Every structure is written in C-alpha cells, then in structure tokens.
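Asks: After the structure tokens below, expect a handful of questions from me.
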C-alpha cells in the first residue's frame, strides 16, 4: 500500500513510521510511505502556509493554495486511484470496521490540519473526513498516525501471526479476553486452570465467555451491535446471573 501524508510538520512521523511493525512493513516494502510538507508548495517568500481568518477570530488558518498544490502534484489529480482522507474532529469517528475497509484500498493519502484548522475549501480535496474521537488535538498528524497503524497491521504479511488480527479487541465486535503467560503464579494471581488443561473446546468456551463478560461489564452498548449465537446468549445469561450474585453479596466485579 502507498501512503502519503500532507502536513506542516512531516517530521512528526519519523518516530512512529520507523519503529516496530511499521518499520518492518516499510523495510519489506509492504507499505511505501512519504510525508509531504505544505511549505514546499508555498508561493510566499518565507514559505508561509497560514493566514488570519476572514471575519476575525483567534489563531491562524491553513491556506488552500499550498495544500491543493501539494496534493495535486504528488497524487496526480484525477489519476489517483486511492482514497484521500481529511483528518478533522468533524469527521466520521474511526473504528475497526473502517480500518478493515481502508485496508482494502490500493493507496491512502492523509491531509492533516494544524493551528486553528484549514480553509473550508480544502474539504473539496477529500473523499472522506475522519475523526479519532471527541477531543481536541494540536493537529491532524496524531490522528493520521492512529489510522495508519490500525490499517497497516491488517495488510497481508505485516503481522508475523496473521490470526492476531482475528482475536484483537473489536475484531469481532467484542473486547478481547484476558491473556496470560508464564509464570503460572505471580504475586498471588494464578493463571486460570482452564488455560492449562489442554482441552481445546474448554479453552475456546473460556475465551468466548471472558470476551463476552468483559464487553458486558465495560462496554455493554457494544453487545447491541454484535450478532450473538445461541451459545453466546447462554453464556451471557450465565454472566448476568453471576454478576447479580456478586452485587447481592457486595462483591466488586473482577473487571
């Protein structure tokens, strides 16, 4: 996958894109990454890319010309076959389903705002506007990093164990079950016996039950969006009765 990022601070991507999984993906050429600076396309003497807003207001706004020139020059205008994404708090909130959809694109381009935002006409460049949550960041660079990481780990060959993406939280609409490794006991906390039993069916049921339980207790609203099997329904009924007993006896949930 080809990934282009347009930003006033392209150096912000040097760390994340040169570390861990994304670094290996670049080295193996599973992804090509390029960060483009708006300033390189400024017609101003001092490479200014922002100006004060019409109508007044605090801060500075990114001008449309350098952003348009950068995107059109690098992506080739209408010849571009990928998807152009605008990072903005007014966009659709990013989730795992969107990550899977974007992972199917041949290329992605990210337009990152900064300061007090960008000229409204910049929106015309984008195929889609994306937000990563209802809070304010200094710029769109961190948002782009989040989306890039979430998408790239879904590309074939990027992760060492392909099945890892199938069991991550949100991959099936539920939170992930608890994970354990050696030692069997640590400071009085023991690995559940089921995981040590070698019984694959019991382990499968334990994982599913714990995934449902964690989602039920922490993000109950997610259950309304997940297609639940008859087995899932029985497990949830058992979880609900268990939590009722805990509350009746004044015990806090282990989650």
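Asks: Quick check: is even one residue across the range 113-128 in a strand (DSSP E or B) and within 26 Å of residue 150 (Cα to Cα)?
Replies: Taking the range 113-128 and keeping what is in a strand (DSSP E or B), we get 118, 128.
Retained after the next criterion (residues that are within 26 Å of residue 150 (Cα to Cα)): 118, 128.
Within the range 113-128, one or more residues are in a strand (DSSP E or B) and within 26 Å of residue 150 (Cα to Cα).
Asks: Let me ask you something else. Report, by residue number, each residue of the range 195-239 that is more than 19 Å from residue 172 (Cβ to Cβ) and surrounded by 15 or more Cβ atoms within 10 Å (Cβ to Cβ). Show your work before the answer.
Replies: Initially, the range 195-239 is screened for residues more than 19 Å from residue 172 (Cβ to Cβ), giving 195-199, 202, 237-238.
195, the sole residue that qualifies.
Asks: Out of the range 106-122, which residues are surrounded by fewer than 19 Cβ atoms within 10 Å (Cβ to Cβ) and in contact with a helix residue (DSSP H, G or I) (Cβ under 6 Å, 6 or more places away or on another chain)?
Replies: Of everything in the range 106-122, those that are surrounded by fewer than 19 Cβ atoms within 10 Å (Cβ to Cβ) and in contact with a helix residue (DSSP H, G or I) (Cβ under 6 Å, 6 or more places away or on another chain) turn out to be 119, 121.
Asks: Within the range 221-253, count every residue that is assigned to a helix (DSSP H, G or I) and touching a helix residue (DSSP H, G or I) at 6+ places or on another chain (Cβ under 9 Å). Can you show your working first?
Replies: Step one: filter the range 221-253 for residues assigned to a helix (DSSP H, G or I), giving 221-225, 230-248.
Then keep just the ones that are touching a helix residue (DSSP H, G or I) at 6+ places or on another chain (Cβ under 9 Å); that gives 222-223, 231-232, 235-236, 238-240, 242-243.
Adding up the residues that qualify gives 11.
Asks: Hey, another quick one. Which of the strands (runs of 3 or more DSSP E) contained wholly in the range 1-105 include at least 2 residues that are within 21 Å of residue 120 (Cα to Cα) and either in contact (Cβ under 8 Å) with a residue 40 or more places away in the chain or out of contact with any helix residue (DSSP H, G or I) (no Cβ under 9 Å at 6 or more places or on another chain) (or both)? Give the steps one after another, and end with the answer.
Replies: On the way: elements: 2-7, 32-37, 83-93.
Where strands (runs of 3 or more DSSP E) fall fully within the range 1-105 and carry at least 2 residues being within 21 Å of residue 120 (Cα to Cα) and either in contact (Cβ under 8 Å) with a residue 40 or more places away in the chain or out of contact with any helix residue (DSSP H, G or I) (no Cβ under 9 Å at 6 or more places or on another chain) (or both), they are 2-7, 83-93.
Asks: With respect to residue 79, is the statement that it is out of contact with any strand residue (DSSP E or B) (no Cβ under 7 Å at 6 or more places or on another chain) and surrounded by 12 or more Cβ atoms within 10 Å (Cβ to Cβ) true? Give the derivation first.
Replies: Working: out of contact with any strand residue (DSSP E or B) (no Cβ under 7 Å at 6 or more places or on another chain): yes; surrounded by 12 or more Cβ atoms within 10 Å (Cβ to Cβ): no.
So residue 79 does not fit the description; no.
Asks: Turning to a different aspect of this structure: Among the residues of the range 82-105, which ones are over 25 Å from residue 66 (Cα atoms) and buried (at least 18 other Cβ atoms within 10 Å of the Cβ)?
Replies: Those that are over 25 Å from residue 66 (Cα atoms) and buried (at least 18 other Cβ atoms within 10 Å of the Cβ): 94, 99, 102, 103.
Asks: Oh, and also: For the condition more than 21 Å from residue 78 (Cα to Cα), free of Cβ contacts under 8 Å to residues at least 60 places away in the same chain and buried (at least 18 other Cβ atoms within 10 Å of the Cβ), what is the one hit in 130, 148?
Replies: 130
Every read-out reported here was derived from the displayed coordinates using simple, explicitly stated rules and does not represent laboratory data. Treat the numbers as computed from the prediction; the structure is a model and nothing was measured. With ideal geometry, Cβ positions are generated from the backbone for all residues, glycine too; neighbour counts draw on all protein chains shown.
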